[in-house]
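**Student:** I have a structure here, written as structure tokens, and I will follow up with some questions on it.
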Amino acid sequence: MLDDFINQFWPSTIDGLSLGAIYALLALGYTMVYGVLRLINFAHADIFMAGTFAALWTVRGLGVSDLNGIALIGVVALCGVVAGAVAGGGAMLLEVVAYRPLRKRGASRLAALISAIGASIFIQQLFATVLVPWIFGTSKEGGKLPVSEHFREMTTVISIGPIEITNVALIIFFGAVLMMVALDQFVNRTRLGRGIRSTAQDPETAVLMGVNIDRVVSVTFVVGGVMAGVAAALYFLRFEQTEYFVGFLLGIKAFTAAVLGGIGNIRGALVGGFVLGLLEMYGSSIFGSEWRDVVAFTLLILILMFRPTGILGESLQRARA
Amino acid sequence: MERLGTLRRNMMRVAGAVAMSAVLALGAVACGDDGGGSGDGDSITIGFMGDLTGENSGLVIPPKQGAELAIEQYNATNPEVKINLKTYDSQGKPEQATTLALGAVKNDKIVGLIGPAFSGESQSVGPILEEAKIPSVSPSATSITLAEKGWKYWHRVVADDAVQSTGAATFLSGSAGAKKVFTVHDNQDYGKGLADAIGAAVKAKGVTTQTDAVDDNATDYSSTVNKIMDFKPDAVYFGGYYAVAGRLFKQLAEAGYEGKMMSGDGSLAKELITGTGQENAQGALLSCGCLIDTAGETNANAKKFADDYKAKFGSEVAIYSTEGYDAATAFIEAVKAGNTKPEEINEFLKTVSFDGVGKPIKFDQNGELAAQDIFIYEVQGNVIKLLGNANEAKVS
């Protein structure tokens, strides 16, 4: 058991970091929406799913194969732009259709939660029964099957002793970190970012100070959606396959990462994503892959027992905001 | 969150169970007792039951077409007693199959049933046919437990999962020359059963083994891949279905694994190649109790069958189409010999012996096929090619 852990330490670490980067990007959407609206946006996972299909569509449209090096980075960036646009637009639409009417009527948070679940199921079925058969020309039943498109080559680019890093892992990690830094700067340095922070801190005072809440909420959804879109492009780079159901498990993991880091806390979501990714990998190298989620969630509970507000805590975000 | 998770998970479980039962059930045959002709005395009705429109229909439509072809060819000879084939779409669901079976016995007066295709539905339809004394022959149900029920009217024309694991183990440790085997499964009854049985069988031949499981809802199998790379096996055997097999084999190949990759009948579909990626899938091996022999390498009948099948349906023979044809032929032989009552047909099936388009068809006392053949397939280009019987197949 411990031998396995030691022998598989480096590959586990690298896989954990690249998986964690995707969790973290996705967790940002959950945590930002929670910060502003105190709402868990369950349909976020399905916005991500829409992004994976956008990335697939882009690659198929380009008709490329066996990409490597700079060309691969370029195509992934393009996928990120397309998927980000689709997911960002989708998230904005989702907010207008599923949440805003409830918010305007002062409905309870539970009502919004039900709306979120409904939107999630709606988006999945829309893809499975209409969009996938229509866009990818599969039969009607084929809409629920995975769609794959092989477009890149996986090669080892860095090799130091037992550490072997592939081009794919490298792009995922640095692509995600780049987006995280950009988001952090956006929230902390720009006027819109200040609006988001003030709304998260105290919505009523924010309104009194002239912050347009509707606009802030919209921006929050779009930014979260764009992050999900980039995560989708990176996910597609790694797995080259997607299906209508793909957001489900990843969404749960990303939500977990957000809670682990401290829900509502942007930097917490990043930490949570990486910690969860690494915990899963180390846990399964020691106990076997069937224990992967058990180990990760047991540790999650332990962490929350001692730090009920997550690793970085909700309060940090309030203080910084 | 919890609730939603549980709900979806349940949906997945149901889907998985259906898929599994589809594969397992492909082989059961029902024996009927009375019912006889449907009116005018010179025609009788035989049923075909399985998932014809559900999500695993890809495994059931080929045997249905095989059966259709056999009966069409028989009726074209202007026999004294013609056979009608009536299809029952159970969608692989045991409860639906039960209702359909009752209707088939009472209203349609079937004299025999080809199917049910999946093991799960076979479990619930078996007792009904037993009571009604209607013989059945399944083309594809491979669950071991079906033959242990003591049913007198049940048969199948495919070897069960125990035979498959022995065959695959013989092949792996024999001609594939594996000294270290890593088994992976999807934690479901079918996949785990198969992978564990193969692990035990190769171990008995002196092979070192290790095992791991993957979550069929997840897409990232890197922890399993890391374990495999650490163990450095000569072969990896995956028990489960093609969607997961495709993802696993892809991630394995991309991590630089160079040994053999092998799976069972649940992965024997072209989607395995698309999921893995054609380049990575080259040389992947599959074991199955079914025979898919488009070139007629195993016997002369197979070639003619493959050609006729292609002419009629416009597609190559696929998984279990050969078994569907042979199951129908067993009934046709009975009718040819002048048996038109379910009880007579069941008596005849006890002694039936002919060369099918796949295997020699002859049943043991418990309804199990006497010939216990397992065939090995290999991915070559974009097709899954037959290598031969597990005892003699050579890795190319």
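**Student:** Any idea what angle helix B:2-24 forms with the longest principal axis of chain B, computed on alpha-carbon atoms, 0 to 90 degrees, nearest 10?
**Tutor:** Here the helix axis deviates by roughly 60 degrees.
**Student:** While we're on this one: Could you line up B:T351, B:T45 from fewest to most neighbouring Cβ atoms inside 10 Å?
**Tutor:** Values: B:T351 9, B:T45 20.
In order of increasing Cβ crowding within 10 Å: B:T351, B:T45.
**Student:** Scale the Cα Rg of the range A:77-147 by the rule-of-thumb value 2.2 N^0.38 Å and send over the ratio, two decimals.
**Tutor:** Numbers: Rg = 15.1 Å, N = 71, 2.2 N^0.38 = 11.1 Å.
Against the empirical 2.2 N^0.38 Å value, I get 1.36 for the range A:77-147.
**Student:** I've got another one for you. Once the Cα atoms of the range B:293-396 are picked out, what are the Rg and Dmax in Å?
**Tutor:** Considering the range B:293-396 through its Cα atoms, Rg and Dmax are 15.5, 49 Å.
**Student:** Using only Cα atoms, find the angle between the long axis of helix B:119-132 and the longest principal axis of chain B, and express it within 0 to 90 degrees, rounded to the nearest 10.
**Tutor:** That helix lies at roughly 20 degrees to the long axis.
**Student:** Also: Kindly put A:H150, B:H185, A:H44, B:H155 in sequence by how many other C-beta atoms sit within 10 Å of each C-beta, fewest to most.
**Tutor:** A:H150, B:H185, B:H155, A:H44
**Student:** By the gyration tensor of its Cα atoms, with a ≥ b ≥ c the square roots of the eigenvalues, what is the shape of the range B:140-227: rounded for a/c under 1.5, prolate for a/b over b/c, or oblate? Intermediate results must be reported in sequence, preceding the final value.
**Tutor:** Numbers: a/c = 2.91, a/b = 1.43, b/c = 2.04.
Verdict is oblate for the range B:140-227.
**Student:** Can you compute the charge dipole magnitude of chain B about its Cα centre, using +1 on each Lys and Arg Cβ and -1 on each Asp and Glu Cβ, nothing else charged? Give it in debye, rounded to the nearest 20.
**Tutor:** Working: 36 positive and 50 negative charges, 124 e Å.
In debye, rounded to 20, chain B gives about 600.
**Student:** Given the convex hull of the Cα atoms of the range A:1-45, what is a quarter of its surface area in nm²?
**Tutor:** On the way: hull surface 17.0 nm².
In nm², the orientation-averaged hull projection of the range A:1-45 is 4.3.
**Student:** Can you bin every Cα-Cα distance in chain B into 20 Å intervals starting at zero and give me the percent of pairs per bin, rounded to whole numbers?
**Tutor:** With 20 Å bins starting at 0, P(r) equals 30, 55, 14, 0.
**Student:** Less than 16 Å apart at the alpha-carbon level, and either on another chain or at least 8 residues along: which lysines does that give for B:K250?
**Tutor:** B:K227, B:K260, B:K270
**Student:** In the range B:295-334, which GluC sites (Glu not before Pro) fall in coil by DSSP and have 16 or fewer other Cβ atoms within 10 Å?
**Tutor:** Working: sites: B:E297, B:E316, B:E323, B:E333; in loops: B:E297, B:E316.
Taking the range B:295-334 and a limit of 16 other Cβ atoms within 10 Å, the loop GluC sites (Glu not before Pro) found are B:E297, B:E316.
**Student:** Oh, and also: Treating only the Cβ atoms of Lys and Arg (+1) and Asp and Glu (-1) as charged, compute the dipole magnitude of the range A:1-155 about its Cα centre; round to the nearest 20 debye. It would help to have the intermediate numbers written out before the result.
**Tutor:** Details: 10 positive and 9 negative charges, 219 e Å.
Around 1060 debye, computed over the range A:1-155.
**Student:** Which residues make up the longest stretch of chain A that has no trypsin sites (Lys or Arg not before Pro) in a DSSP loop with at most 14 other Cβ atoms within 10 Å?
**Tutor:** Details: sites that count: A:R38, A:R105, A:K140.
Looking at chain A, A:141-321 is the longest stretch - no exposed trypsin sites (Lys or Arg not before Pro) with at most 14 other Cβ atoms within 10 Å.
**Student:** What FRET efficiency do you get for A:V96 and A:L304 if R0 is 25 Å and r is their Cβ-Cβ distance, rounded to the nearest 0.05? Kindly include the intermediate steps, with their values, before the conclusion.
**Tutor:** Values: r = 34 Å, r/R0 = 1.35.
Calculated transfer efficiency: 0.15.
**Student:** Sort chain A into rounded, prolate or oblate with this rule: let a ≥ b ≥ c be the square roots of the eigenvalues of the Cα gyration tensor; rounded if a/c is under 1.5, and if a/c is not under 1.5, prolate when a/b is larger than b/c, oblate otherwise.
**Tutor:** Oblate is the answer for chain A, as a/c is 1.5 or above yet b/c matches or exceeds a/b.
**Student:** For the range B:49-147, what ratio Rg/Rh do Cα atoms give with a Kirkwood hydrodynamic radius? The partial results should precede the final answer.
**Tutor:** Details: Rg = 13.3 Å, Rh = 13.8 Å.
That ratio is 0.97, to two decimals.
**Student:** May I pose another question? Which log10 I(q)/I(0) values does the protein assembly as shown give at q = 0.05, 0.06, 0.10 Å⁻¹ under the Debye formula, counting every alpha carbon as one identical point scatterer?
**Tutor:** Treating every Cα as an identical point scatterer, log10 I(q)/I(0) equals -0.28, -0.40, -0.96.
**Student:** If amide hydrogens are placed 1.01 Å from N in the peptide plane, which non-local residues have theirs closer than 5 Å to the one on B:M261?
**Tutor:** The list, which skips near neighbours in sequence, is B:V236, B:L285.
**Student:** What is the range A:119-221 by shape, rounded, prolate or oblate, if you read a ≥ b ≥ c off the alpha carbon gyration tensor as root eigenvalues and call it rounded for a/c under 1.5, prolate for a/b larger than b/c, and oblate otherwise? Before the final figure, lay out the partial values.
**Tutor:** Details: a/c = 4.13, a/b = 1.30, b/c = 3.18.
Taking the square roots of the gyration eigenvalues as a ≥ b ≥ c, the range A:119-221 is oblate.
**Student:** For the pair A:L178 and A:S108, what calculated FRET efficiency results from E = 1/(1 + (r/R0)^6), where r is the Cβ-Cβ distance and R0 = 30 Å, to the nearest 0.05? The partial results should precede the final answer.
**Tutor:** Values: r = 39 Å, r/R0 = 1.29.
Approximately 0.20, to the nearest 0.05.
**Student:** Further question: Kirkwood hydrodynamic radius for the range A:235-321: how many Å is it when counted over pairs of different Cα atoms? Don't skip to the answer; put the middle values down first.
**Tutor:** On the way: mean 1/r = 0.0731 Å⁻¹.
Computed over the range A:235-321, the radius equals 13.7 Å.
**Student:** Short version: ³J(HN,Hα) in whole Hz for each residue of the range A:219-227, in order, from phi by Karplus 6.51 cos²θ - 1.76 cosθ + 1.60 (θ = phi - 60°), x for Gly and Pro, what are they?
**Tutor:** Rounded to whole hertz, the list is 4, 4, 5, 4, 4, x, x, 4, 4.
**Student:** Also: If you rank B:L194, A:L113, A:L2 by fewest surrounding Cβ atoms within 10 Å, what's the result? Could the numbers behind the result be given before it?
**Tutor:** Numbers: B:L194 29, A:L113 17, A:L2 8.
With the sparsest Cβ surroundings first, the list reads A:L2, A:L113, B:L194.
**Student:** Nothing charged except the Cβ atoms of Lys and Arg (+1) and of Asp and Glu (-1): what's the magnitude of the dipole of chain A about its Cα centre? Round to the nearest 20 debye. Present the calculation step by step, with values, prior to reporting the outcome.
**Tutor:** Values: 22 positive and 20 negative charges, 298 e Å.
Dipole about the Cα centre, nearest 20: 1440 debye.
Throughout, read-outs are computed from the coordinates displayed, never taken from laboratory work. What you see is a predicted model; the values in this text were computed from it and never measured. Neighbour counts run over all protein chains shown; Cβ positions are idealised from the backbone, glycine included.
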